[in-house]
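> Quick one: structure below, then a few questions.
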Amino acid sequence: MHHASLSTSPRLQRALHVLQEAQGWLSTRTLIRRAHICAVNSVIAELRENGAEIECEQRVGPDGTHRWCYRLTKSPEVPNG
């Protein structure tokens, strides 16, 4: 898979910022709304290719529905320049 560079991709930068500002886990829907992105699984994969460490797990909501949730555990190193 070809992945975008974090230093030149506003889409990845928005997603990373939302993950960095989060208090705990974020659902797919929350990431879509806050970062204005689509295809969250692809964005997460691209962030990982850029050095981010992101946990992913399926959780059951209060209504019994299953949701994928994400949590940033380590931000990628962004080169200067």
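Values in this text are rule-based calculations from the coordinates and carry no lab data. Not measured: the values here are computed from a predicted model. Don't worry about glycine lacking a Cβ; one is built from the backbone with ideal geometry, like all the others, and counts go over all protein chains shown.
> With only Lys, Arg, Asp and Glu charged, each at its Cβ (+1 for the first two, -1 for the last two), find how big the charge dipole of the chain is about the Cα centre; round to the nearest 20 debye.
Working: 10 positive and 8 negative charges, 57 e Å.
With Lys and Arg at +1 and Asp and Glu at -1, about 280 debye.
> Could you line up 14, 33 from fewest to most neighbouring Cβ atoms inside 10 Å? Let's see the in-between values first.
Numbers: 14 16, 33 12.
Going from sparsest to densest Cβ surroundings: 33, 14.
> Which value in deg cm²/dmol, rounded to the nearest 500, describes the helix-derived mean residue ellipticity at 222 nm for the chain, given -39,500 (n - 2.57) per DSSP H run of n ≥ 4 and division by the residue count? Please report the intermediate quantities before stating the final value.
Numbers: 3 runs with 30 residues, N = 81.
Helix-only estimate at 222 nm: -11000 deg cm²/dmol.
> Given a Förster distance of 35 Å, report the FRET efficiency between residue 59 and residue 3 from their Cβ-Cβ distance, rounded to the nearest 0.05.
0.85
> Moving to a separate point now. For segment 10-74, what is the per residue volume of the convex hull drawn over the alpha-carbon atoms, in cubic angstrom?
Values: hull volume 5.1 nm³, N = 65.
Dividing the Cα hull volume of segment 10-74 by its residues yields 78 Å³.
> What full-extension length gain, to one decimal in nm, is calculated for residue 13 and residue 34 as 0.36 nm per residue of separation minus the Cα-Cα distance? If you can, show how the numbers build up before the last one.
Values: separation 21, 0.36 × 21 = 7.56 nm, distance 1.22 nm.
Full extension of this stretch gives 6.3 nm more.
> Suppose each label sits 7 Å from its Cα in the direction of the beta carbon; what would the residue 66-residue 78 distance come out to in nanometres?
Between residue 66 and residue 78, the label points sit 3.5 nm apart.
> Positive end of the dipole of the chain, charges at C-beta (+1 Lys, Arg; -1 Asp, Glu), about the Cα centre: which of 25, 9, 36 has its Cα farthest in that direction?
Value: 36.
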